[in-house]
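Undergrad: Please see the structure below; I have some questions.
The values are calculated or read from the model by the stated rules, or taken from the named source; none is laboratory data. Because the structure is predicted, anything quoted here is derived from the model rather than measured. Note that we place each Cβ from the backbone using ideal geometry, even for glycine, and neighbour counts take in every protein chain shown. The accessibility values were calculated without ligands, DNA or RNA, using every heavy atom of the protein model including side chains. Shrake-Rupley method; radii C 1.70, N 1.55, O 1.52, S 1.80 Å.
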Amino acid sequence: MIKRLTPYLGIVIALLCLNSKISAQEWENDIYPRIGEAPINGGFAMDNYWVWGSSVVKGNDGTFHMFVSRWPKSLPFHPGWMLASEIVHAVAEKAEGPYEFVEVALGARGAKYWDGRSAHNPRVVKYKDTYVMFYMGSTHPFDEISDLSLDSPQTIVARSNKRIGIATSKSLNGPWQRRDKCILETKPDTFYEFLTSNPAPWINEDGSVDLIFKSRKYNKNFPFHSSMKIGLAKADHYEGPYSVAVSEPIFGVDKIGEVEDPFLWKDKNGYHMIAKDQRGQITGKMHSGVLAHSKDAINWKLDKDPLAYTRNIKWSGGSVIEMGQLERPFVLIQNGVLTHLFFATMDGPGGFSNSTKSWNMVIPLNNEKTNKNLNIIK
């Protein structure tokens, strides 16, 4: 029997080695070794506005369309976005930009609507002939916003009203049809009982949706909410209904680590996520990027080399600067290839209250993987 099997042993061993090689490469870090130089005049900024996280789509005409949050600099950056953000549309001839403002895509529409006062954190996905914008919305009854702080009544109400919704359009130039109801509500006695926010969707070929989202539990004492928790919701169609797939968060302080601003994509190997390491609990570098993978979008593992990026950015002028804030990572995927990283960023030493400007920046990903030691400018 052994003699009969001997000629096949070499084939079996070869197949096992090949499978081992494929498994090792499935979750290879395809971002950090490819990070290039950020163009100084790239991305998108606006005078007199705070500008934050973007979603970029290449149009049928070859131009690039950015959907991005903004709110007036007459308000403090944080928590001004919760009370007065709107989503605007900008375009560029190339992915790096610079992007030029075109119009307001989703603006304020009145306190009676779930998203009537603030629209924020857009993510635009095309399904068949329709563009679907997932975003966070909020509302509050205050016509006057003054003396704004994290513990002001306006902020507390606006934060607790954060929900996820969608708007749709047949064109990237709009108009965008908004819904009168959000798609993902809170639920008492769950990890998402206080708010739902920061949508990271993936629409499958059959039209079903996997939606990763940020949430918090309710606490009775200020600030009335827990640390951030990441959950997964699913729907058979982007219109919904959506239901939370598992009763526990898929990421949190007590599970893998606390992350924020997830971005989700899928390839033949399964699901991939890039997110911000909120506490440095995972990478050892606070607010750096984390890479994780999953076969089912429920059970996640960190990549073998999970560091996706750091706040140290090399600019096209040659300088390397540790950015004050580097958040809302967005990966532009063209023809199945990850080509650009977009970030919301700030100047200053760090902290939302220590900045004079914010904007959306972009970094091309090199085709050849290189990882050079950089001299850091504090």
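Undergrad: Which residues, counting only those in the stretch 245-292, are touching a residue at least 60 places away in the same chain (Cβ under 8 Å) and within 19 Å of G350 (Cβ to Cβ)?
TA: Those that are touching a residue at least 60 places away in the same chain (Cβ under 8 Å) and within 19 Å of G350 (Cβ to Cβ): E260, D261, G289.
Table: residues versus (1) more than 21 Å from the chain's Cα centre (by Cα); (2) outside any loop (DSSP other than H, G, I, E, B); (3) under 19 Å from V56 (Cβ atoms).
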residue	(1), (2), (3)
A167	no, yes, yes
Y192	no, no, no
T196	no, yes, no
K214	no, yes, no
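Undergrad: Does any residue of the stretch 36-43 turn out to be under 30 Å from A158 (Cβ atoms) and surrounded by 21 or more Cβ atoms within 10 Å (Cβ to Cβ)?
TA: Yes; the residues of the stretch 36-43 include at least one that is under 30 Å from A158 (Cβ atoms) and surrounded by 21 or more Cβ atoms within 10 Å (Cβ to Cβ).
Undergrad: Still on this model: How many residues does the stretch 349-358 hold that are open to solvent by 40 Å² or more (accessible area, probe 1.4 Å) and either in a loop (DSSP other than H, G, I, E, B) or not polar (S, T, N, Q) (or both)?
TA: Here the count works out to 4.
Undergrad: Condition first: outside any strand (DSSP E or B), among the polar types (S, T, N, Q), open to solvent by 20 Å² or more (accessible area, probe 1.4 Å) and touching a Ser or Thr at 6+ places or on another chain (Cβ under 8 Å). Can you find one or more residues in the stretch 226-238 that meet it?
TA: No, the stretch 226-238 has no match at all.
Undergrad: While we're on this one: Within the stretch 84-118, track down each residue that is more than 17 Å from G53 (Cβ to Cβ) and either touching a helix residue (DSSP H, G or I) at 6+ places or on another chain (Cβ under 7 Å) or crowded, with 24+ Cβ neighbours inside 10 Å (or both).
TA: Result: R117, single match.
Undergrad: When you check K73 against the structure, is it out of contact with any Cys (no Cβ under 6 Å at 6 or more places or on another chain) and either over 15 Å from S355 (Cα atoms) or surrounded by fewer than 16 Cβ atoms within 10 Å (Cβ to Cβ) (or both), yes or no?
TA: no
Undergrad: On the given criteria, is L83 modelled with pLDDT of 95 or more, touching a Phe, Trp or Tyr at 6+ places or on another chain (Cβ under 8 Å) and under 18 Å from P201 (Cβ atoms)?
TA: no
Undergrad: Select from the stretch 316-330 the residues that are open to solvent by 20 Å² or more (accessible area, probe 1.4 Å) and out of contact with any Phe, Trp or Tyr (no Cβ under 7 Å at 6 or more places or on another chain) and list them in ascending order.
TA: As a first pass, look at the stretch 316-330 and keep what is open to solvent by 20 Å² or more (accessible area, probe 1.4 Å): 316-319, 321-322, 328.
Result: S316, G317, G318, S319, E322.
Undergrad: Can you pull out the residues in the stretch 331-345 that are among the aliphatic types (A, V, I, L, M) and either assigned to a helix (DSSP H, G or I) or free of Cβ contacts under 8 Å to residues at least 60 places away in the same chain (or both)?
TA: Of everything in the stretch 331-345, just one residue is among the aliphatic types (A, V, I, L, M) and either assigned to a helix (DSSP H, G or I) or free of Cβ contacts under 8 Å to residues at least 60 places away in the same chain (or both), namely V337.
Per-residue answers, yes or no, for (1) out of contact with any helix residue (DSSP H, G or I) (no Cβ under 7 Å at 6 or more places or on another chain); (2) of a type in the set (F, W, Y); (3) open to solvent by 40 Å² or more (accessible area, probe 1.4 Å):
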residue	(1), (2), (3)
H120	no, no, no
M133	yes, no, no
M136	yes, no, no
T139	yes, no, no
I145	no, no, yes
R178	yes, no, yes
P188	yes, no, yes
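Undergrad: Out of all the residues in the stretch 283-293, which are under 12 Å from E260 (Cβ atoms) and of a type in the set (A, V, I, L, M, F, W, C)?
TA: Within the stretch 283-293, M286, V290 meet the criteria.
Undergrad: Here is a follow-up. Within the group E248, E258, which residue is closer than 29 Å to K304 by Cβ, of a type in the set (D, E) and open to solvent by 20 Å² or more (accessible area, probe 1.4 Å)?
TA: Working: E258 fails: open to solvent by 20 Å² or more (accessible area, probe 1.4 Å).
None of the others qualify; the one that does is E248.
Undergrad: Related question: For the stretch 5-59, give me each residue that is of a type in the set (G, A, S) and either modelled with pLDDT of 65 or more or in contact with a helix residue (DSSP H, G or I) (Cβ under 6 Å, 6 or more places away or on another chain) (or both).
TA: G36, A38, G42, G43, A45, G53, S54, S55, G59
Undergrad: Confirm whether R159 is in a strand (DSSP E or B) and closer than 25 Å to I212 by Cβ.
TA: No: the conditions fail for R159.
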